[in-house]
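See structure below.
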Amino acid sequence: MKRVLLPVSSFVTHLSGEGNYTFCHLIDGKKLLISKTLAICLDVYPSFIRIHRTYAINPDFLDSYRRPSSDVGEVHLAGVWLPVGRRRLSSVFKHVKRLSSQLNN
């Protein structure tokens, strides 16, 4: 069995799940297809934040976030706006605010 190594997290902006596969989005705009689920990839990248059923982000690349209404939220990283799942809104934004306050101190 051939072993595939995942890229170093400092080069990965976010992950997007597609069933039993995950796309690893890199800072240079390339995408790698990995034959692992998003949940398994999150075990490899414990610092990533699961923001949606389909997406997980690397908080190091987070540019901004917005919450236009109480049930809609998005995060911006590497030139892309990604949706935040309705059930994850409060926990994601608490986590993001905590990270941004740590960076300001």
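Rule-based calculations on the coordinates, nothing more; no lab input. None of the values given here were measured: they were computed from a predicted structure. Note: ideal-geometry Cβ built from the backbone for every residue, glycine included; neighbour counts use all protein chains shown.
Numbers at a glance
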item: Inter-probe distance in nm under a simple model that places probes 7 Å from Cα toward Cβ, at residue 97 and residue 54; result: 2.8
item: Correct choice for log10 I(q)/I(0) by the Debye sum over Cα atoms at q = 0.13, 0.16, 0.17 Å⁻¹ that was computed from the model, options (i) -0.56, -0.72, -0.78; (ii) -0.46, -0.68, -0.77; (iii) -0.47, -0.74, -0.85; result: (ii)
item: Dipole moment magnitude, nearest 20 debye, the chain about Cα centre, only Lys, Arg, Asp, Glu C-beta charged; result: 300
item: Separation of alpha-carbon centers, the stretch 53-105 and the stretch 1-51, rounded to whole Å; result: 18
item: Sites matching trypsin sites (Lys or Arg not before Pro) across the stretch 50-105 that sit in DSSP coil, with at most 16 neighbouring C-beta atoms within 10 Å; result: 53
item: Selected from 23, 90, 12, residue furthest toward positive end of dipole (the chain; charges at beta carbon); result: 90
item: Of 62, 33, 89, the one that fluctuates the most in a GNM where the chain has Cα springs shorter than 10 Å; result: 33
